[in-house]
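All of the numbers you see were taken from the coordinates with simple rules; none came from a lab. Computed from a predicted model, the values in this text were never measured in an experiment. Neighbour counts are summed over all protein chains in view; Cβ atoms, including those assigned to glycine, are modelled from backbone coordinates with ideal geometry.
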Amino acid sequence: MAISFEKAFGIHPHALMIREKRAEVLAENIANADTPGYKAKDVDFQQALQLAKSRQGQSASRTHDQHFHIASTMHKDTQFRNPDQPDTGDGNSVDIHRERNAIMQNSLEYQTTLTFLNSRISGLKKALTGTGQ
């Protein structure tokens, strides 16, 4: 009997990848906090998760040369963020405090998803081997 990892892990591997992408975007915002004209970006987690759910179980391979590359449609969930603060004159919309809070929240959610997946893997190992190790 084959094990279906999609059934075993559900949407959580996709959530982990989305959280990783969001961490990269937030770090990029912080790195560009002093760059004139830089506009803060963020990942809409709910939209990205819905996209992942709709693609779950679908193959990502190209079957024809004229089909779009999957990479060209992967990160439409990254959007510019509306600024919370007035423009300081340089056109930069990064609020460093908001970015730090978002990174902390994203990190906690990433760790929660990782803990859940580790628990699932331990459960599968226990079911397969019959031991608690």
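Counting other C-beta atoms within 10 Å, which of Met104, Met17 has the fewest, and how do the rest follow?
Details: Met104 11, Met17 14.
Arranged by neighbour count, lowest to highest, Met104, Met17 become Met104, Met17.
Among Ser122, Ser54, Ser93, which comes first, second and so on when ranked by fewest other beta-carbon atoms within 10 Å? Numbers along the way, then the final one.
Numbers: Ser122 12, Ser54 9, Ser93 19.
Arranged by neighbour count, lowest to highest, Ser122, Ser54, Ser93 become Ser54, Ser122, Ser93.
If each residue of separation counts as 0.36 nm, what is the full-extension length gain between His12 and Asp87 once their alpha-carbon separation is subtracted? Write down the numbers at each step before the final one.
Values: separation 75, 0.36 × 75 = 27.00 nm, distance 3.80 nm.
Length gained between His12 and Asp87: 23.2 nm.
Taking a cut-off of 24 Å between Cα atoms, list the lysines near Lys21, but don't count ones fewer than 8 places away on the same chain.
Straight-line reach from Lys21, under 24 Å: Lys7, Lys39, Lys41, Lys53, Lys76.
Label points 7 Å out from Cα along the Cβ direction at Thr131 and Arg100: separation in nm?
Those two pseudo-labels are separated by 4.7 nm.
Can you give the FRET efficiency to the nearest 0.05 for Glu24 and Ser119, using r as the Cβ-Cβ distance and R₀ = 22 Å? Let's see the in-between values first.
Working: r = 26 Å, r/R0 = 1.17.
Using R0 = 22 Å, I get an efficiency of 0.30.
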